Amino acid sequence: MSIRMIAEAVNADKETVRKILHEELHMTKVCGKLVPKNLTPDQKFLRQQVCSDFLKKLKEDSGLMKNIITCDETWIFQYDVKTRRQSMHWKTPESPRIKKARMFKSKFKAMLIVFFDINVLATLRERVRKKRPELWKNNSWILHQDNAPAHNALSVKQYLAGKHTPVLEHAPYSPDLAPWDFFLFPKIKSALKGTRFESMEAVKQKTAELLKALTKEDFQHCFDQWNKRMERCAVRGGEYIEGEHLNVE
């Protein structure tokens, strides 16, 4: 709503409205934050409940994070355009504004599927058996994934139930609480944007290099941030975490 519209609604002149807004109330007009979804009260409550339950379990078992293996998938492109921030240039007041042709993502893409845990494991059941025998022996490892249709398919649920695999609950419409959405995928995709690869094999090779370059400390920081995000979401009544990266693709 503009100052003019407010002035007309309250039958006051625009200058009076402007002074009240800016000088007395110290208000500024800003664009709305882009979020994945306008959450309903029930969805906010569920997000808060899921976070509170997780934090309660973590308080009871401080080593719980070490048992979690999280997974997701995303598309990677042979060419993906730079973000507006990445394409910014320095210019003097006298220099002309830089023009840039409109670019589009390539039609060639591949699915990147990643499993990782706090100790940076790359695959699921077989690697759990080989690399984390202490978790495999007593089946204490916990799978975390989002609520995508593929993850919620009956066949997937039946498979996990048949293997007695515990699954950590994840609230719907919650990319801000998903490690791959606030940490891994943005980091990988940001490094790929603006580079035109000769083939999908070259994209896959570069993606593998980026994944291998991540350190154990990077993943440790990710899990620490995940914990903090859960705490903030619980305190905020299930609202999206403002000022953080939200994947809305």
### Query
Sorted from fewest to most neighbouring beta carbons within 10 Å, what does the list W226, W75 look like?
W75, W226
### Cross-link pairs beyond the 19 Å C-alpha cut-off, checked among K44/K189; K59/K228; K66/K206; K66/K157; K59/K163
K44/K189; K66/K206; K66/K157; K59/K163
### Task
May I ask you to order 205-213, 231-239 by the average number of other C-beta atoms within 10 Å around their residues, highest value first?
231-239, 205-213
### Highest-first arrangement of 189-197, 171-179, 55-63, where packing means the average Cβ count within 10 Å
171-179, 189-197, 55-63
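A short reminder: the numbers here are calculations on the coordinates, not readings from a lab. Predicted model, so just to flag it, every value in this text is computed and none were measured. Neighbour counts are summed over all protein chains in view; Cβ atoms, including those assigned to glycine, are modelled from backbone coordinates with ideal geometry.
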